[in-house]
Amino acid sequence: MFARFSNSWELVKASFAVLRADKELIIFPIVSGLAVLAVTIAFIIPMVAVGFFESVSEGGADIAGLVIAFVFYVVMYFITIFSNTALVGAALIRLRGGDPTLRDGFKIAMDHVGQIFGYAVIAATVGMLLRALRERGGLAGVVVSFIGEIAWNLATFLVVPVLVVENIGPIEAIKRSASLLKRTWGEQIIGSFSIGLVFFLLTAAAVIVIGGPVFLVALASGSVALIVVAVALVVVIIMGMTLISTTLNGIYVAALYRYATEGVVDSQYFRPDLIQNAFQRK
């Protein structure tokens with residue numbers, strides 16, 4: 001376990017070195033986050049109007065509510081995938097020795113907007129089916145949906161860079177992603193490194209060490225204003241860590257794709273073993 005965390009930490013440092021070289025890469029997740037917030041607010045009103053939340057709480061939803069929920073899923077996935085495409089595209093330019101700009105990243109995403117939308121529809125459909133299975137299938141549904149989510153995440157791990165580079169449709173991109181993982185790292189694989197794990201621990205530590213004392217002081221003072229400030233501080237910490245984690249993960253995916261397709265590891269940023277051993281057999 002310690003060795004795995006150590007490798008994950010090395011991976012975070014390597015990806016962060018790319019981010020230091022191109023600090024504007026973090027703008028893509030920021031834009032995505034703001035867009036997601038705006039869309040969420042925009043969808044809450046019609047969802048309330050059709051009684052979607054009440055229907056869900058009672059164990060069902062009408063057709064209008066389901067349609068709105070599906071459209072919401074598609075839009076959210078589209079925003080996220082569009083941002084990731086711009087991020088991964090810019091990261092690939094950097095890893096190949098270029099100097100990407102924000103315009104380069106967004107242009108790459110715009111050039112593939114059709115494929116991104118198609119993939120968003122597929123991802124939203126899979127997401128809603130797995131959620132329905134988890135919520136209505138009992139214990140068996142929870143287990144099956146959990147396994148399905150793992151399989152889906154592995155199969156689609158390299159979809160975004162495939163869309164960026166190979167200019168194929170979303171279904172072909174999913175097949176290509178799964179094929180690259182299987183061919184490069186083996187048939188039965190699990191992730192051995194985790195940027196998410198590192199940032200979960202870092203976020204928890206930051207909230208406890210920084211936010212905790214401020215929150216306790218605010219509670220002791222009984223000041224509503226100080227409590228609001230303390231809560232806002234915790235939210236800012238979590239959001240900041242999430243933005244950095246998302247950016248580093250996009251950089252990592254770009255590096256993995258380059259190794260899987262070109263057999264190249266940019267040693268300026270990544271140790272070869274971090275990429276070559278990115279996945280291990282079960």
Check: Would a scan of the stretch 234-249 turn up a residue that is of a type in the set (Gly, Ala, Ser) and in contact (Cβ under 8 Å) with a residue 40 or more places away in the chain?
Finding: yes
Next item on the list: Sort out which residues of the stretch 266-282 are over 20 Å from Arg176 (Cβ atoms), of a type outside the set (Ser, Thr, Tyr) and surrounded by 20 or more Cβ atoms within 10 Å (Cβ to Cβ), and write them in order of number.
Entry: Phe270, Leu274
Next item on the list: Could you list, in sequence order, all residues of the stretch 213-258 that are surrounded by 19 or more Cβ atoms within 10 Å (Cβ to Cβ) and not hydrophobic (A, V, I, L, M, F, W, C)?
Entry: Ser245, Thr246, Thr247, Asn249, Gly250, Tyr252, Tyr257, Arg258
Next item on the list: Go over the candidates Val121, Val142 one by one and state the one that is more than 19 Å from Thr247 (Cα to Cα), touching a Phe, Trp or Tyr at 6+ places or on another chain (Cβ under 9 Å) and surrounded by fewer than 17 Cβ atoms within 10 Å (Cβ to Cβ).
Entry: Val121
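For the condition under 19 Å from the mean Cα position of the chain (by Cα), farther than 20 Å from Leu154 by Cα and among the small types (Gly, Ala, Ser), what is the one hit in Gly240, Gly222? Don't jump to the end; show me each part of the working.
Details: Gly222 fails: under 19 Å from the mean Cα position of the chain (by Cα).
The unique qualifying residue is Gly240.
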Item checked: Residue in the stretch 168-187 that is at pLDDT 90 or above and loosely packed, with under 13 Cβ neighbours inside 10 Å present -> yes
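If only one of Ala230, Ala206 is in contact with a Gly (Cβ under 9 Å, 6 or more places away or on another chain), among the small types (Gly, Ala, Ser) and modelled with pLDDT of 85 or more, which one is it? First the steps, then the outcome.
Details: Ala230 fails: modelled with pLDDT of 85 or more.
It is Ala206.
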Check: Any idea which of Val265, Val224, Val198, Val253 is at pLDDT 90 or above and among the β-branched types (Val, Ile, Thr)?
Finding: Val253
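State which residue is nearest to the chain's Cα centre (by Cα) when the search covers only the stretch 117-140 and only residues that are part of a helix (DSSP H, G or I), more than 24 Å from Ile79 (Cα to Cα) and not aliphatic (A, V, I, L, M). Before you say what the answer is, go through the steps one by one.
Of the residues in the stretch 117-140, the ones part of a helix (DSSP H, G or I) are 117-136, 138-140.
Filter once more, keeping what is more than 24 Å from Ile79 (Cα to Cα): 133-136, 138-140.
When the remaining residues are screened for being not aliphatic (A, V, I, L, M), the result is 134-136, 138.
Numbers: Arg134: 21, Glu135: 23, Arg136: 26, Gly138: 27 Å.
Among them, the one singled out is Arg134.
Go through the residues of the stretch 141-153 one by one and say whether even a single one is assigned to a helix (DSSP H, G or I) and either of a type in the set (Asp, Glu) or in contact (Cβ under 8 Å) with a residue 60 or more places away in the chain (or both).
Filtering the stretch 141-153 down to residues assigned to a helix (DSSP H, G or I) leaves 141-153.
Narrowing further to those that are either of a type in the set (Asp, Glu) or in contact (Cβ under 8 Å) with a residue 60 or more places away in the chain (or both): 149.
Within the stretch 141-153, one or more residues are assigned to a helix (DSSP H, G or I) and either of a type in the set (Asp, Glu) or in contact (Cβ under 8 Å) with a residue 60 or more places away in the chain (or both).
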Checklist line | Members of the stretch 142-171 found to be within 13 Å of the chain's Cα centre (by Cα) and polar (S, T, N, Q), listed by number | finding: Asn153, Thr156
Margin query: If a residue counts only when it is touching a Pro at 6+ places or on another chain (Cβ under 7 Å), buried (at least 16 other Cβ atoms within 10 Å of the Cβ) and at pLDDT 85 or above, which helices (runs of 4 or more DSSP H) contained entirely in the stretch 1-116 have at least 2 such residues?
Written below: 63-95
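The values are calculated or read from the model by the stated rules, or taken from the named source; none is laboratory data. Everything numeric here is computed off the predicted structure, so don't read it as measured data. FYI the Cβ positions are ideal-geometry reconstructions off the backbone, even for glycines, and counts take in every protein chain you see.
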